[in-house]
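Below is one structure; the comments refer to it alone.
Nothing in this text is a laboratory measurement; each read-out follows from the coordinates by a stated rule. Predicted, not measured: the structure shown is a model, and the values here were computed from it. When we count neighbours, we look across all protein chains shown, and the Cβ atoms used for this are built from the backbone with ideal geometry, even at glycine.
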Amino acid sequence: MKDRNLLLLGAGLVVVFVLVFGILVFVIYGGGTHPTPEELVCCILIQDDMGEDRGIDYTWSGEWKFERGLDIWLPHGYGILETMYASYEGLYVDGMLEGKGNSYHKVEMLECTNEYVNGERHGQGICIADDGREWNGEWKDDGDFPHNGVMFDASGKITIEWRNGEEIKK
């Protein structure tokens, strides 16, 4: 009788454990309908008009956050976003660069360190081109050039100045 009671108690504990574990998995992963970040293909495939895959638009390596209202995973935390034309490294909040970040622009051959607000360059920054040109100053509203700042040529001479978004050639 004692062995039978121990066997029933053990079986009952196993059933409770399996149920609790199943409920936890269901709550955490939304019933298994949403992939985990490890399961995500962190790329967007570019397709032509016929639906044929043409290439990868970007890759993301970093931390993720699941946005239940949008039903998607977003880059959130430190990470690196690589596109065909540039790479961006820094802190992401809800899919957008936030705070100080680094970028490398492959076409223009620029290396930049800027402050970002909601994914846009906004604040102090510096960009250096492979040919030695340098942009230094304050960016606003994701502008291509500083709102207030200067551009130096390879010898260190100021060639362009910006004041309140207006270009002043030297």
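List of remarks:
- Anisotropy class of the stretch 112-170 from Cα gyration tensor, a/c 1.5 cut: oblate
- Rounded to the nearest 20 debye, the dipole size of the stretch 91-170 about its Cα centre is 260 debye, using +1 on the Cβ of Lys and Arg and -1 on the Cβ of Asp and Glu.
- Here is the list for the stretch 61-101: chymotrypsin sites (Phe, Trp or Tyr not before Pro) lying in DSSP coil, each with at most 15 other C-beta atoms within 10 angstrom of its C-beta, are TYR85.
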